[in-house]
Amino acid sequence: MATRVLGGVGEVARIRGLTKDFGERRVLHGIDLDIAPGEFVALLGRSGSGKSTLLRALAGLDTDTGGELSVSGDVAVAFQEPRLVPWKKVHANVTLGLRHPDPRAAARAALAEVGLSGRAEAWPLTLSGGEAQRASLARALVREPDLLLLDEPFSALDALTRITIHGLVLDLWTKHRPGVLLVTHDVDEALLLADRALVLADGRIAREIAVELPRPRRREHPEFLALRATLLAELGVTPEGTA
């Protein structure tokens with residue numbers, strides 16, 4: 001089992017030699033990773049490369065790992081599926097499990113930040129996909145996390161909604177400045193949002209690229225295109241789109 005330490009580190013997350021086995025198959029092979037306070041990190045990789053496994057270890061959802069893992073402060077997670085409880089109204093979903101002297105006020109403030117002020121009393125099944133994902137972000141942010149873990153939270157959204165949510169996430173990150181680890185398959189998404197992009201391959205960090213483009217970023221920027229080509233090549237995608 002990995003040694004897990006809460007608090008007392010200079011980074012919001014520090015991983016050394018992290019391993020994870022599923023039966024006789026090793027999924028993570030001695031991962032080393034630091035996430036600084038306020039840093040936005042994107043983690044890319046093919047399906048089965050271990051991205052979500054690494055995120056779950058950071059979230060404390062998978063403790064059956066080897067190595068050392070340190071987290072400083074509070075952690076919140078937004079998953080690919082919003083995971084809203086259907087029999088609780090939106091405001092109650094946002095504050096589910098939250099210890100706060102006035103949870104309804106906390107929910108209202110968080111929902112206002114994600115543009116859902118008018119949906120606090122709604123039932124989850126009446127929300128659109130974009131609204132449900134906004135509610136999931138509100139539930140994460142109401143906890144004022146030091147480390148925000150995003151497990152492909154935009155992948156099920158249509159293209160226009162995804163663009164809107166990208167802008168929202170950047171605005172919220174700029175305001176609150178948690179450390180962020182975003183797990184994604186989308187190279188453009190990683191380059192639009194992150195300070196640093198990591199490629200996970202065969203359970204190891206195969207490539208690390210600093211993304212030093214000014215925000216807001218443009219896909220047609222020559223440096224963006226060059227970084228995109230580098231990441232796609234690292235992921236085994238040829239210019240023709242074949243692997």
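From the list A132, A120, which one is on the phi < 0 side of the Ramachandran plot, in contact with a helix residue (DSSP H, G or I) (Cβ under 6 Å, 6 or more places away or on another chain) and either touching a residue at least 24 places away in the same chain (Cβ under 8 Å) or among the β-branched types (V, I, T) (or both)?
Values: A132 fails: in contact with a helix residue (DSSP H, G or I) (Cβ under 6 Å, 6 or more places away or on another chain).
From the options A132, A120, the qualifying one is A120.
If I ask for residues that are within 14 Å of E234 (Cα to Cα), of a type in the set (D, E) and at pLDDT 95 or above, which ones from region 189-212 would you list?
E208
T161 is checked against (1) part of a helix (DSSP H, G or I); (2) among the hydroxyl-bearing types (S, T, Y); (3) without any contact (Cβ under 8 Å) to a residue 24 or more places away in the chain and fails just one. What number does that condition carry?
Going through (1) part of a helix (DSSP H, G or I); (2) among the hydroxyl-bearing types (S, T, Y); (3) without any contact (Cβ under 8 Å) to a residue 24 or more places away in the chain one by one, T161 breaks only (3).
Right, G236: surrounded by fewer than 16 Cβ atoms within 10 Å (Cβ to Cβ), more than 28 Å from A109 (Cβ to Cβ) and out of contact with any Asp or Glu (no Cβ under 7 Å at 6 or more places or on another chain) or not?
Yes, satisfied.
Does P239 qualify as being within 15 Å of F40 (Cβ to Cβ) and modelled with pLDDT under 95?
no
Check R99, R162, R104, R143 and return the single one that is loosely packed, with under 14 Cβ neighbours inside 10 Å, charged (D, E, K, R), out of contact with any helix residue (DSSP H, G or I) (no Cβ under 7 Å at 6 or more places or on another chain) and at pLDDT below 95.
That would be R99, the only listed residue that is loosely packed, with under 14 Cβ neighbours inside 10 Å, charged (D, E, K, R), out of contact with any helix residue (DSSP H, G or I) (no Cβ under 7 Å at 6 or more places or on another chain) and at pLDDT below 95.
Could you list all residues from region 106-125 that are small (G, A, S), in a loop (DSSP other than H, G, I, E, B) and farther than 20 Å from H166 by Cα?
Our first condition is that a residue be small (G, A, S); within region 106-125, this holds for 106-107, 109-110, 112, 115, 117-118, 120, 122.
Among the residues that remain, those that are also in a loop (DSSP other than H, G, I, E, B) are: 115, 120, 122.
Result: A120, A122.
Can you tell me how many residues in region 187-210 are within 18 Å of P37 (Cα to Cα) and crowded, with 21+ Cβ neighbours inside 10 Å?
Residues meeting the conditions: 4.
Among the residues of region 163-177, is there at least one that is under 25 Å from D34 (Cβ atoms) and of a type in the set (K, R)?
Yes, the conditions are met somewhere in region 163-177.
Taking Q133 as meeting all but one of (1) under 16 Å from the mean Cα position of the chain (by Cα); (2) at pLDDT 95 or above, write down the number of the exception.
Among (1) under 16 Å from the mean Cα position of the chain (by Cα); (2) at pLDDT 95 or above, Q133 violates only (2).
Kindly indicate whether any position in region 107-114 is buried (at least 23 other Cβ atoms within 10 Å of the Cβ), within 26 Å of S72 (Cα to Cα) and out of contact with any Lys or Arg (no Cβ under 8 Å at 6 or more places or on another chain).
yes
Please state which one of L148, L168, L192, L111 is under 22 Å from V71 (Cα atoms) and touching a residue at least 12 places away in the same chain (Cβ under 8 Å).
Values: L168 fails: under 22 Å from V71 (Cα atoms); L192 fails: under 22 Å from V71 (Cα atoms); L111 fails: under 22 Å from V71 (Cα atoms).
The match here is L148.
For G67, indicate whether it is closer than 30 Å to G23 by Cβ and touching a Lys or Arg at 6+ places or on another chain (Cβ under 9 Å).
Yes; evaluated as a whole, the condition is true for this residue.
The values are calculated or read from the model by the stated rules, or taken from the named source; none is laboratory data. In this text, all values refer to a predicted model and were calculated from it rather than measured experimentally. Positions of Cβ are backbone-derived with ideal geometry, glycine not excepted, and every protein chain shown enters the neighbour counts.
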